[in-house]
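Trainee: My questions all concern the structure below.
The values are calculated or read from the model by the stated rules, or taken from the named source; none is laboratory data. Since the model is a prediction, treat every value here as computed from it, not as a measurement. As a convention, Cβ positions derive from the backbone with ideal geometry for all residues, glycine included, and neighbour counts pool all protein chains shown. To get the accessible areas, we keep the full protein, side chains included, count just its heavy atoms, and leave off ligands, DNA and RNA. Shrake-Rupley method; radii C 1.70, N 1.55, O 1.52, S 1.80 Å.
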Amino acid sequence: MRFLGNIEAKTDAKGRVFLPSVFRKVLQSAGEERLVLRKDVHEDCLVLYPETVWNEQMDIMRSRLNRWNRHEQQVFRQFVIDAEEVTLDSNGRFILSQRFQDMLGVAQSVRFIGVGDTIEVWAEERAKELDNTKEDFAESMEKLMNNA
């Protein structure tokens, strides 16, 4: 399952937003119905995980972290604290909770960006900042690919 795209969407007064149809089609073809949304570890965006991808990540994390180590258990706890299950309604919308809207700084628009097996959700204002890094991106790609 691979998501690809960069699509703007509007939130309504109740905090609902349409998951772009191109992403819904990928989910449907994979038989995915449930999603998990959480704050990204590094960026000021949210990550929308299909349930199977989320479960794989949880299994990997659990296998690497010791339940009996206080610090590692806190890392795991912090990871799951910031997660919410998301269900699409019959129109393909889901509720972006007020907590997540506040985290992102969402005014009215969000941007969905397909990133392989997950979908990032950005406040439109912050997503515009991604366009300003094209030179840095080109330099990074050059370095990475020349080292391959």
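Trainee: In this structure, does Gln108 turn out to be over 20 Å from Val36 (Cβ atoms) and either open to solvent by 10 Å² or more (accessible area, probe 1.4 Å) or touching a helix residue (DSSP H, G or I) at 6+ places or on another chain (Cβ under 6 Å) (or both)?
Mentor: yes
Trainee: Another question, then. Select from the stretch 29-40 the residues that are surrounded by 12 or more Cβ atoms within 10 Å (Cβ to Cβ) and without any contact (Cβ under 8 Å) to a residue 60 or more places away in the chain and write down the one among them that is nearest to the chain's Cα centre (by Cα).
Mentor: Result: Arg38.
Trainee: Can you confirm whether the stretch 56-72 contains a residue that is in contact (Cβ under 8 Å) with a residue 60 or more places away in the chain and either open to solvent by 40 Å² or more (accessible area, probe 1.4 Å) or in a helix (DSSP H, G or I) (or both)?
Mentor: no
Trainee: Please list, ordered by first then second residue, the pairs with beta carbon atoms under 7 Å, 6 or more apart or interchain, first in the stretch 93-118 and in a helix (DSSP H, G or I), second open to solvent by 50 Å² or more (accessible area, probe 1.4 Å).
Mentor: Leu104/Asp44
Trainee: Residues of the stretch 48-63 being within 22 Å of the chain's Cα centre (by Cα) and not acidic (Asp, Glu), which ones?
Mentor: Listed by number, the residues that qualify are Leu48, Tyr49, Pro50, Thr52, Val53, Trp54, Asn55, Gln57, Met58, Ile60, Met61, Arg62.
Trainee: Return the pair list, or none, for Cβ contacts closer than 6 Å from residues in the stretch 2-16 that are within 11 Å of Ile119 (Cβ to Cβ) to residues that are open to solvent by less than 20 Å² (accessible area, probe 1.4 Å) and part of a loop (DSSP other than H, G, I, E, B), at least 6 apart or on different chains.
Mentor: Taking only residues 6 or more apart or on different chains, the pairs are Ile7/Pro20.
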